[in-house]
Every structure is written in C-alpha cells, then in structure tokens.
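As structure tokens, the structure follows; a few thoughts come after it.
The values are calculated or read from the model by the stated rules, or taken from the named source; none is laboratory data. Computed from a predicted structure; not experimentally measured. Methodologically, a virtual Cβ is constructed for each residue, glycine included, from the backbone with ideal geometry; neighbour enumeration extends over all protein chains shown. For accessibility, only protein heavy atoms count, side chains too; no ligands or nucleic acids. Shrake-Rupley method; radii C 1.70, N 1.55, O 1.52, S 1.80 Å.
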Amino acid sequence: MARITSIEALRAHYGEARERSRRKVLPALDLHCRRLIALSPLVMLGSFGADGRADVTPRGDAPGFIAVENPATLLIPDRPGNNRLDTLTNLIANPAIGLLFLVPGIDETLRVNGRAEIHDDADLRARFEVDGRQPATVLRVTVQEAYLHCAKAFMRSHAWDPAHFVSRDSLPSMGEMLRDQLNLATAETQVEMLRRYRETLY
C-alpha cells in the first residue's frame, strides 16, 4: 500500500476536474441556493479546533430553520444539546465553518463554506423563538463559497429510499450502548430517552 503525499500524485489517480465542476463555486447564495436552504430541515456543520481536530455535527429543525439574512449571510439558531459545546468552542478558536444542507427525498446537496461568529443579541435570539423558548446563541455565518453537490453519494447509498431503511432494533438503544461504553450500572430505555428529548427540543 503506497501512501499518496502530493497533489501531483493524487491527480495522477483522478485526473482533472470538469470545467463545470470548477466553475460552479459561487461567492454568495443565489436563488437556487436560497431555495434549497429554505427546504432543508437538516444541515451537517463542520468545524476545526485550535488543535486542528475536525468535528462534524448535525443541526436540524423545521424546513427553513436557517435564515438567509442576505446572499452573503446565514443565521443558525443553536438549539439545546448536550452542552459539550464542541462546535462553538471550535469556532471561537477557528471561525472556519463548512455546511452541508440536506433535503429528504432530494439527492443533490448544497455545500457552503465560510466564517462564523457566535452572537447572543436579545433581538436576534427572539427571531428564532419556538414555543416560548429562544436559542442560547445564534451563529452568523459569512458565506465565502457555495456550490451544489452531485447526487452520486445518495444514489449509491439509497439514503432516502424507504426500502433501504434500517430498523431501529438493528442496534441496541442509545442508553444501552452508553451503558456498555461507560460501564454504567443501568441503561436508559429508548422510550425514556425519546421522552426526555421531546421535553427539551427547544
């Protein structure tokens, strides 16, 4: 097995990108990008810590939960999670951010790269209030690149095809897996966990 350590060696295996692929990168969000974001209930958010470690985390809510303030700016509410704050800690050290927008049933995705700031302005948080609860903070993302990503990965994976969905009982519950990993005495059941999640979604 030979390790590839140069761009030249890498290109020798893959060849050059098609002209369309090179040209498709936009400096801001056009009509099609904004429409896809409005339909998206789920985005994958990538960040890097001060130590260079990469992290990817999902963010989800009702379709269009991420606001397009203008073609160069996105606003992302930070809903309750586990308070590890991996992403937010990373962004304080390194504001670079990568976003992958998903729309269930649509195989194409949207990639957005930029820089993020964490804001706790009262008026900004109020814009994202749900059921009387506001996010603790809001990410303001300055868009540097935006481009559509082809459908091949989702076509190969059949990700949106119900015939390929995996039954939840194919895995132990989250509580059971954490019990085993952390050597806990008891395990939260799937029913208990889902009830707790529903009570703290916002």
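The GluC sites (Glu not before Pro) of the stretch 15-112 that meet both conditions, a loop assignment by DSSP and at most 11 other Cβ atoms within 10 Å of the site Cβ, are E16.
Solvent-accessible surface of the chain, taken per residue with a 1.4 Å probe and all protein chains present: 67 Å². These residues, M44, M155, M174, go from largest to smallest accessible area, 1.4 Å probe, as M155, M174, M44.
Rolling a 1.4 Å probe over the protein heavy atoms of the stretch 54-202, with every protein chain left in place, gives an accessible area that is 53 percent carbon and sulfur.
Which of F65, L31, L201 sits closest to the plus end of the dipole of the chain, meaning its Cα is farthest towards the positive end, when Lys and Arg get +1 and Asp and Glu get -1 on the C-beta? It is L31, whose Cα lies furthest towards the positive end. When the inverse distances between all different Cα atoms of the chain are averaged and flipped, the Kirkwood radius reads 19.5 angstrom. Evaluated with a Cβ-only charge set (Lys, Arg +1; Asp, Glu -1), the chain carries a dipole of roughly 600 debye about its Cα centre, given to the nearest 20.
With a/c under 1.5 counting as rounded, go ahead and sort the stretch 27-82 into rounded, prolate or oblate using the C-alpha gyration tensor (a ≥ b ≥ c being the square roots of the eigenvalues; past the cut-off, prolate if a/b is larger than b/c, else oblate).
Since a/c reaches 1.5 but b/c is at least a/b, the shape of the stretch 27-82 is classed as oblate.
The calculated FRET efficiency for W160 paired with A96, based on their beta-carbon distance and R0 = 30 Å, is about 0.50. For the stretch 15-95, the dipole from Cβ point charges (+1 on Lys and Arg, -1 on Asp and Glu) about the Cα centre works out to 340 debye, to the nearest 20.
With every protein chain in place and a 1.4 angstrom probe, the accessible-area ranking of T57, T87, largest first, reads T57, T87. Comparing A146, A185, A159 in a Gaussian network model of the chain, where Cα atoms under 10 Å apart are tied by springs, the biggest mean-square fluctuation is seen for A185.
Of the whole protein surface, R140 contributes about 60 Å² of accessible area at a 1.4 Å probe radius.
Largest first, how would T186, T89, T73 line up by accessible area (1.4 Å probe)?
T186, T89, T73
Rolled with a 1.4 Å probe across the full set of protein chains, the surface gives I66 an accessible area near 10 Å².
Treating r as the C-beta distance of N113 and T189 and R0 as 41 Å, the FRET efficiency rounds to 0.55.
Suppose the chain between H149 and V56 were pulled fully straight at 0.36 nm per residue; how much longer would it get relative to their current alpha carbon spacing?
Fully extending the segment from H149 to V56 adds 31.7 nm.
Magnitude of the charge dipole for the stretch 133-180, about its Cα centre and with charges confined to Cβ atoms of Lys, Arg (+1) and Asp, Glu (-1), is about 200 debye. Each label was represented as a point 7 Å from its Cα along the Cα-to-Cβ direction; for A67 and R23 these points are 3.6 nm apart.
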